[in-house]
1. If you count the DSSP beta bridges with both ends in the chain, what percent of them are antiparallel, to the nearest 5?
2. Filter LYS491/LYS522; LYS331/LYS445; LYS21/LYS311; LYS483/LYS522; LYS127/LYS246; LYS403/LYS479 down to the pairs with a C-alpha to C-alpha distance above 28 Å, please.
3. Around TRP402, which amide H atoms from residues at least 5 apart in sequence, or from another chain, sit under 5 Å from its own amide H, with H modelled in the peptide plane?
4. Where a ≥ b ≥ c are the square roots of the eigenvalues of the C-alpha gyration tensor, would you call segment 151-265 rounded, which needs a/c under 1.5, or, failing that, prolate if a/b is larger than b/c, or oblate?
5. Starting from the Cα-Cα distance between LYS331 and ARG107, subtract it from 0.36 nm times their residue separation and give me the gain in nm to one decimal.
6. With unit charges on the beta carbons (Lys and Arg positive, Asp and Glu negative) and the dipole taken about the Cα centre of the chain, which residue among THR414, ASN542, ILE50 sits farthest to the positive side?
7. Separation between the ASP349 and GLN100 pseudo-spin-labels, each 7 Å from Cα along Cα→Cβ, expressed in nm?
8. Give me D for segment 1-129 in µm² s⁻¹, whole number, from Stokes-Einstein with Rh from the Kirkwood sum over alpha-carbon pairs, 4 °C and 1.567 mPa s.
Amino acid sequence: MHKHTTKFIFVTGGVASSLGKGIISASLARLLLSRGYKTTIQKLDPYINIDPGTLNPYEHGECYVTEDGAETDLDLGHYERFTNIPTSQANNVTTGRVYQSIIEKERRGDYLGSTVQVVPHITDEIKRRIKLLAEGGKFDMIITEIGGTVGDIESLPYIEAVRQLTWESPEDVMVIHLTYMPYLAAAGELKTKPTQHSVKTMLEQGLQPDMIVCRTEHPLSRSARDKVALFCNVRPECVIESRDAKSIYEVPLMMMQEGLDREVLRTLKLPYGGKPNLTLWRVFLRRLEHPRHEVKIALVGKYVELHDAYKSILEAFLQAGAMNSCKVQVKMVHSEQLNKANVEKMLGDCQGVLVAPGFGKRGIAGKLAAIEYARTRRVPFLGICLGMQCGVIEYARNVLGWKDADSTEMNLRTHHPVIHIMDNQKNVKNMGGTMRLGAYPCTLKKGSLLAEIYGTQTISERHRHRYELNNDYIKDFEKAGMKVAGVNVGKDASGKKITRVEAVEIPAHPFFVGVQYHPEYKSTVENPHPLFIAFVAAAMRNI
Ligand code: GLN
């Protein structure tokens, strides 16, 4: 709708990490979208891993998977949840990926004998990847979040790339710097000095921020704002307060109140018109803040100490809860601390049980105990990926009576490999980016609970796995009451047509659903996932 070249907005961080650059970027995108600007968000991660796919959740929280199968930073999940627009491989760039493409070019001889250097080769590659999203004129605005903190050795080439872009087209580029303002109780005031120093560091690297967003636990006084403006060389209106919020979903409205979007548009000399359309957002917030019901749902997994490991699942519950006008209290249950003897005590106060995705043997016994409990006590159950696979193993052991039934991921010598490695995964040696990743279509069985929940028989969901239900056992499961509810028709390693089980159900149970895919990745504020909505509703009926 607006005629102009694509604008680039960079978001850097200073003083401390974990200030919420991702949420500020996502909030700004939400506001710009609501004003009619086509906006996307990109994350540049300064670490050397090619992607976070091989990183332990303790290190990096959840690995988020995009439609096109990129294993990415969890901030991309926030971007999608806030904007309702799918991201892709191009939306997450790591130092590893940048160096990989430069080194591949060097090996091909593309540099014709010249010395390959951080400047200009690495910085040019960073710029290329930033501009990639602008190709085809799909977006009016590209918000690029730079991971890490200004002053880090790793982020230097990124800051330099931004400096060059600013120099090349000053009209089209702006920089927002997010900092932290500590409150000194003894002095009774917010301190601006760390922010001043952080901006000085940026200036040393040749970059002048246009706006300063101050994360703070206390209101920013007029004098503190003026001080930041004067010493950081920005207009006073461009000093934005970002107070701690009750929920991350309040941040777009708080930012609008502070004038973040207005000042961004003013800086870029673009019209900001009237009020943005945030009706859906406000309806969601109202429901979130004034629930009429409450349920408790157990999330059984092995990374429960670390909420970031299950970020998308927790957010999907929040969104589905709001849709049901229901507060979903998620009880994190450590699968390693769960066993047959204590399962009743641990899960007895929950109206639903979700068994989480995961890898490896650790904590499997606890997951199986949770599933047996949910199945026999008729408690609503949702198993995601490994959670679904455990649902199948539990059924094989306790209903079909195959005591050694297992996944070959846990036990290669089982006589009943009800879950086994996918044919085309058998010869995979490289661990990075080689799982079955991204969106695949799935056909739901007519009359299944899932078909009813989705309101359609053709769906598409995202994946991240190497193992699957062994088709040799389908007949046995079906006869014993566990039904295949959804399949994907694909090709095996030799190109032969193959049907993969994507979902199972127990029709005799009030709500027992296992899905090989990850519904949580597709749940957004505007489109909460139907499976989570139905699961929460089932838990509400179980009160
Ligand atoms: N470890 C299982 C597999 O690779 C499940 C993966 C997951 O839960 N994401 O198939």
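1. 35 percent
2. LYS331/LYS445; LYS127/LYS246
3. Hits under the 5 Å cutoff: ARG397.
4. prolate
5. Extra length available between LYS331 and ARG107 comes to 75.5 nm.
6. ASN542
7. In this crude label model, ASP349 to GLN100 measures out at 4.5 nm.
8. 79 µm²/s
Every number here is computed from the coordinates shown, using simple stated rules; none is lab data. All values derive from a computational prediction rather than experimental measurement. Methodologically, a virtual Cβ is constructed for each residue, glycine included, from the backbone with ideal geometry; neighbour enumeration extends over all protein chains shown.
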